[in-house]
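The values are calculated or read from the model by the stated rules, or taken from the named source; none is laboratory data. Keep in mind that this is a model prediction, so the values were computed, not measured. Methodologically, a virtual Cβ is constructed for each residue, glycine included, from the backbone with ideal geometry; neighbour enumeration extends over all protein chains shown. What goes into the accessible areas is simple: the full protein's heavy atoms, side chains included, and nothing from ligands, DNA or RNA. Shrake-Rupley method; radii C 1.70, N 1.55, O 1.52, S 1.80 Å.
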Amino acid sequence: MNLKDLYINYFVSKGHKQIPSAPVVPENDPSVLFNTAGMQPLIPYLKGEIKHPYGRRLVDYQKCIRTNDLDSIGDATHHTFFEMLGNWSLGDYFKEESIGYSYEFLTNVLKIDPNRLAVTVFRGNDYVPRDTVSANAWMSHGIKEERIAYMGEEDNWWPNMEAYGPCGSDTEIFYFRSEDEVPKVFDPSDERWVEIWNNVFMEYNHNTDGTFTLLPSKNVDTGMGLERVVAILEGKNDNYESSVWENVIKEIESVSGKSYYGNEESMRIIADHIRTSVFIITDPANIRPSNTDQGYILRRLIRRAIRHAKKLDIDISGEWINKICNVIMDEYQGYYSEIRENRNVVIDVIQNETIKFNKTLEKGLREFEKIINKINDKLIDKDQAFKLYDTYGFPIELTTELAKEKGLRVDIDGFNERFKAHQLLSRTASAGKFKGGLQSDGVVETKYHTATHLLNAALKRVVNKDVHQKGSNITSERMRFDFSCDHKLSEEEKQKVEDLVNEWIKEDIPVNKEIMKKEDAIKSGAECMFLDKYPDTVSVYSIGDVSRELCGGPHVSSTKELGKFKIIKEEASSQGVRRIKAVLSDE
Ligand code: SER
């Protein structure tokens, strides 16, 4: 049995309910691009203001993406995507039980030798005392005193002292990952000790006025990085040699005709970046390669993977990338239905991006050669880097990587300045990508935003009451709306939907906003796309008795402002999801 199943089964046997992984793209928090930790979707519950529908003991495996250090991908231990195993107590058990579970799981279920374990606990600060409770709990299970290190807030406070919201001290569990003899005394700065599990005792809220107050309940939030622990259990120092990656690396070896050994960096980058792309593409937010936000991360991941494939002399116009995607999807589809249901979408999106990039890659590489023949101070300046981006589609890390291989540097800061100015422009042009996360509230975008609510309501009445929104994308030119539906809409259905929306527009129905607790909003029958992704206080927009949805807005004040609504296209988006493109015009 694999680690994921062992973990879930163990905690289920201890009264925990398994919750599904939340989407990796937060639906209603435009401040972050991706979920970076398993607990992020649970913040409202950790705050204790609303009860979790599954109870007070939860367990899951959560999709996480961290892209702040793309550059370090290529080494033996970093990944942009990873799965975090987590168990939670929402005001149920606390330190002693949590530590008991962790110890039992590691030593009894995973059969890890206790002599290879060590822990850190919180040393205390001006507000919070030294955590002797945790230290005593560890010792009661046989962890020796010299294997317990007391650390300060920079190490044993989660997330950190600056972050607002639920927080607390933690105890971190380390494993001695080396063939050397295990030292008697634990030294956390000795890199042979690697952190495997973090148990956070969330009992405080860091308020925006700087104070720390006690949360209504004492919670536990633990997180264990799956990739790392699997590697450890299998005795591998290189994560990419573990069973998590075995089939993927084998496939890359097969399509390149080269061995992993000697080509580690490129193969790791290809494996990692394609896996993350698969998870981004299949997430319900429907992210596609673009030049902003998550779409730009996706584009960079795919393009960097292609560049490394070229480095390995893979024929990049061939089937290689589909083959790798298929192996990855085989590995994960049993655990993630969104992958199972979107295999064709993944292949389509990745193929399109590959075709697009292949057209410019060759030319871009020639331009790069030209540039380096011209420069004399070993520096590629911001305009050269920007040209490579703008004309040839080279993300900055691709240029930096090429430069590094030639012993050159790139004016990254200069590039970033130009890039930001450029991005701001494209962002304003495509405002309103995220429902509830509108970046700009232009008049036209606002109208489209309200129109999505009417369209959603009309589809429910005409097609089926179980139609649900799966995503939306708004520009000043049109709206796109994805919804669950198992068939192509007939002409008659389309006409009826369009007529109904136009009828509601004519009726000049006022749009009302109420602020309320999420729980009450749901009770009141408001519709929402991803429950877990909303903060605990939400706004609910209602349009007469036509529609009632949780939403961040903004909206017009009355439906008449929308003008005339017209469906211009209805097509498949992915398995079981249809897509409507529609426009508003002035008469
Ligand atoms: N929130 C903590 C972490 O991400 C434990 O889950 O490490």
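Taking every alpha-carbon pair within segment 507-585, the share separated by more than 18 Å comes to 55 percent.
Using a probe of 1.4 Å on the protein chains alone, the accessible area found for ASP209 is around 110 Å².
Cα extents for segment 158-207 along the principal axes, largest to smallest and rounded to whole angstrom: 45, 16, 15.
For segment 181-333, the share of accessible area belonging to carbon and sulfur comes to 44 percent (1.4 Å probe, ligands and nucleic acids excluded). The DSSP beta bridges internal to the chain are antiparallel in roughly 90% of cases. Placing +1 on each Lys and Arg Cβ and -1 on each Asp and Glu Cβ, with no other charges, gives the chain a dipole about its Cα centre of roughly 1460 debye. In the context of the full protein assembly, ARG130 retains an accessible surface of approximately 120 Å², using a probe radius of 1.4 Å and ignoring ligands and nucleic acids.
Hey, can you find the accessible area per residue of segment 281-329 for me, probe 1.4 Å, expressed in square angstrom?
Accessible surface, normalised per residue, equals 27 Å².
By the compact-protein rule of thumb, 2.2 N^0.38 Å, the alpha-carbon radius of gyration of segment 348-420 corresponds to a ratio of 1.11.
Each Lys and Arg contributes +1 and each Asp and Glu -1, all at the Cβ; summed about the Cα centre of segment 178-252, the dipole is approximately 320 debye.
By the Stokes-Einstein formula, at 0.692 mPa s and 37 °C, segment 2-52 with its Kirkwood radius over alpha-carbon pairs has D equal to 256 µm²/s.
Here, segment 97-161 has an Rg and a Dmax of 12.6, 39 Å when only alpha carbons are counted. Protein heavy-atom surface of segment 471-571, 1.4 angstrom probe: 48% of the accessible area is carbon and sulfur, with nucleic acids and ligands not counted. Tell me which GluC sites (Glu not before Pro) from segment 138-206 have a DSSP coil assignment and no more than 13 other beta carbons within 10 Å of their own. Hits after loop and neighbour filter: GLU162, GLU179, GLU181, GLU191.
Based on the Stokes-Einstein relation at 10 °C and a viscosity of 1.306 mPa s, and on the Kirkwood radius from alpha carbon pairs, segment 222-266 is assigned a translational diffusion coefficient of 140 µm²/s. Largest first, the three principal axis extents of the alpha carbons in the chain are 80, 64, 44 Å in whole numbers. Within a straight-line Cα-Cα reach of under 20 Å, LYS517 can be paired with the following aspartates and glutamates, leaving aside sequence neighbours fewer than 8 residues apart in one chain: GLU27, ASP29, GLU49, GLU527, ASP532, ASP536, GLU549.
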